[in-house]
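One structure is given here, and the rest of the page talks about it.
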Amino acid sequence: MRYKLPVAGAALLLAFLHFVTVPAEPILNLCGFHWLTGHPCPLCGLTRGLFALAKGHLGEAERFNALTPVGFAMLFSLFWDFSWRGWLWKLGLAAFAVYGVVRLAMPQ
């Protein structure tokens, strides 16, 4: 019965993401990188994307941030002790770094 707590925590997080709605456009942009450069950082849109993905809106989630599914997997991997969780996080962080460079190179 060692999995009861992680399952309960993951279920609570998923329920929160599913039942709470965030606005499609933020009222106040809290990203310091965006304030300084005018460009979105690799994590911009990830929160809104996680909320959309929890509701089953994959296209909308990817419109907010293309790596939302990766972030979703990384977030929920924290609830279980998988042998490959470390690799998931290393590859995920590398993907976000590359995505950040690509976002900077794209014209606005």
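Among G92, G49, G59, which is among the small types (G, A, S) and crowded, with 18+ Cβ neighbours inside 10 Å? None of the other options fit; the residue is G49. For the range 59-82, filtering for residues that are under 23 Å from V7 (Cα atoms), of a type in the set (A, V, I, L, M) and part of a helix (DSSP H, G or I) leaves 4.
Within the range 18-31, can one find any residue that is small (G, A, S), outside any loop (DSSP other than H, G, I, E, B) and touching a residue at least 12 places away in the same chain (Cβ under 8 Å)? No, every residue in the range 18-31 fails to be small (G, A, S), outside any loop (DSSP other than H, G, I, E, B) and touching a residue at least 12 places away in the same chain (Cβ under 8 Å). With respect to the conditions (1) more than 15 Å from the chain's Cα centre (by Cα); (2) of a type outside the set (A, V, I, L, M, F, W, C); (3) assigned to a helix (DSSP H, G or I), P107 falls short on a single one, namely (3). Taking the criterion of being more than 24 Å from F82 (Cβ to Cβ), part of a loop (DSSP other than H, G, I, E, B) and of a type in the set (S, T, Y), would at least one residue in the range 37-51 satisfy it? No, the range 37-51 contains no residue that is more than 24 Å from F82 (Cβ to Cβ), part of a loop (DSSP other than H, G, I, E, B) and of a type in the set (S, T, Y).
The numbers here are math on the coordinates, done by the rules we state, and not lab data. Computed from a prediction, not measured in an experiment: that's the story for all the values here. Using ideal geometry, Cβ is built from the backbone for each residue, glycine included, and neighbour counts are taken over all protein chains shown.
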